[in-house]
Amino acid sequence: MSTSGKIRVFQVATGNLGTEMIGRIRDHPDLELVGLHCYTPDKIGRDAGEIVGTDPIGVTATGTVEQIIEARPDVLTFHGVFPDEDLYEQVLEAGIDVVTTADWITGFHRDTNHPHPSGRKVSEVIQAACERGNSTFYGTGMNPGLAQILGIVHTADVARIENITVTESVDVSCHHSVDTWKAVGYGRPIDDPAIPDSLHKYTAVFADSVYLMADAFDLELDEVAFHYELGACTKDVDLGWYFMPKGSLGANYIKYQGMVDGVPRVETHLEWQMTPHTDPAWNIKGCYITQITGDPSIYSKHMIFPRKGFDLSNPENFASIGMTVTGLPALNSIRSVVAARPGIITSADLPLRAFAGRFDI
């Protein structure tokens, strides 16, 4: 760690989330930004502040794993859209912990849907690297991640659980990640036969979220079932950064259901719209909802509002709220992750303080 007692952080990527996290790391009382890894050649060699649109901060972007290791950070934060498992392996075996917001909660999804070139499970590769480097690997985010932790906590006063469902009900048009939405299938004709597979492939990490919750309840699942409904745009929709023609995918309702003896017991739902002009359309509530059927039953909304005086006239500012709540569960967990045992861990392995924010005093 640095002489100030702060944890030395090397960040990967400056997309939407990574751009927001540069400032959040700098303002975080636990953390010190010591490096930035970029994949885009024209970013390498530039100051991190310049890259994300602020004043220079004295951190120059680099582009090789060797430079990450040479910097000797305590932890690497990975904020790319998709994982870089080769980078993970090299960094972990060098003794550097990794906290990622990219497509990882338990590892079930990566093991099932993304075979490693070596033929081994991805989780086996990462676990072995952790063992070689005595390092720790942790995946989190808002959803999947914190949304399921909130769901678990809401059962603390329930005597008997019949079903728990965590729902993300959001307008996703503020998440300006063209690569993400192309991969999922937004903007493609609603009858494109590839859409269901695309939706599943690029949202299957939410199966991890179901397994995370089931683990907390000591519940053995028979399977995690996937169901979907598609909403077709009723007119051409041009968001400025993304275009969806009439008749293309513009909204969806997805269910990942943890099944026991044919009954859904633990569920994550995704109620997404890029535009309200779809058929069918859903009543987007702009929040995260926990519903528990049991004795007693629970209904809770996790609603997110901007800080006082925050300018919402700029859509990019609005989008930054979503990036903040996605990245802060990772940043706030770092001190606990650094103190945790080596190996792959999940939120179930961390203390309550790993989910605590910080006072500005």
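The values are calculated or read from the model by the stated rules, or taken from the named source; none is laboratory data. Bear in mind the structure is a predicted one, so any value in this text is a computation, not a measurement. Counting neighbours? That spans all protein chains shown, and the Cβs are built from the backbone with ideal geometry, glycine included. The area values use the complete protein model at the heavy-atom level, side chains included, leaving out ligands, DNA and RNA. Shrake-Rupley method; radii C 1.70, N 1.55, O 1.52, S 1.80 Å.
Consider segment 118-151 and keep the residues that are open to solvent by less than 20 Å² (accessible area, probe 1.4 Å) and of a type in the set (Gly, Ala, Ser). The one that is nearest to the chain's Cα centre (by Cα) is Gly141. Note on segment 311-357: residues that are open to solvent by less than 30 Å² (accessible area, probe 1.4 Å), β-branched (Val, Ile, Thr), farther than 19 Å from Asp215 by Cα and in contact with a strand residue (DSSP E or B) (Cβ under 9 Å, 6 or more places away or on another chain) amount to 2.
Would you confirm, using the coordinates I've provided, whether Tyr288 is open to solvent by less than 60 Å² (accessible area, probe 1.4 Å), in a strand (DSSP E or B) and touching a strand residue (DSSP E or B) at 6+ places or on another chain (Cβ under 8 Å)? Talk me through it step by step, then tell me what you get.
Values: open to solvent by less than 60 Å² (accessible area, probe 1.4 Å): yes; in a strand (DSSP E or B): yes; touching a strand residue (DSSP E or B) at 6+ places or on another chain (Cβ under 8 Å): yes.
Spelling it out, Tyr288 is indeed open to solvent by less than 60 Å² (accessible area, probe 1.4 Å), in a strand (DSSP E or B) and touching a strand residue (DSSP E or B) at 6+ places or on another chain (Cβ under 8 Å).
Within segment 150-179, the residues that satisfy the criterion of being touching a helix residue (DSSP H, G or I) at 6+ places or on another chain (Cβ under 9 Å), of a type in the set (S, T, N, Q) and within 25 Å of Gly258 (Cα to Cα) are Thr155, Thr165, Thr167. Report whether or not Asp111 is open to solvent by 60 Å² or more (accessible area, probe 1.4 Å) and on the phi < 0 side of the Ramachandran plot. Answer is no for this residue. Whenever a residue of segment 315-328 is closer than 22 Å to Leu76 by Cα, its partners that are surrounded by fewer than 16 Cβ atoms within 10 Å (Cβ to Cβ) and modelled with pLDDT of 80 or more, lying with C-beta atoms within less than 8 angstrom and at least six residues away or across chains, give the pairs Val325/Ile304; Leu328/Gly357. Residues that are within 19 Å of Pro329 (Cβ to Cβ) number at least 3 in the following strands (runs of 3 or more DSSP E) confined to segment 1-101: 7-12, 75-78, 97-100. Taking each residue of segment 149-177 that is over 18 Å from Phe206 (Cα atoms) and looking for partners that are among the small types (Gly, Ala, Ser) and surrounded by fewer than 18 Cβ atoms within 10 Å (Cβ to Cβ) with beta-carbon atoms closer than 6 Å, six or more apart or interchain, yields His154/Ser300; Val158/Gly294; Arg160/Gly294; Ile161/Gly294; Glu162/Gly294.
Scanning segment 181-225 for residues that are in contact (Cβ under 8 Å) with a residue 60 or more places away in the chain, among the aromatic types (Phe, Trp, Tyr) and within 21 Å of Gln273 (Cβ to Cβ) yields Trp181, Tyr186, Phe206. Take the residues in segment 262-275 that are touching a residue at least 60 places away in the same chain (Cβ under 8 Å) and outside any strand (DSSP E or B), then tell me which one is surrounded by the most Cβ atoms within 10 Å (Cβ to Cβ). Only one residue tops the list, namely Met274.
Within the set Asp97, Asp86, Asp47, the sole residue that is surrounded by 15 or more Cβ atoms within 10 Å (Cβ to Cβ), at pLDDT 95 or above and within 18 Å of Cys130 (Cα to Cα) turns out to be Asp97. Apart from one condition, Tyr39 fits all of (1) open to solvent by 60 Å² or more (accessible area, probe 1.4 Å); (2) within 17 Å of Val98 (Cα to Cα); (3) under 22 Å from the mean Cα position of the chain (by Cα); (4) not aliphatic (A, V, I, L, M); the exception is (2).
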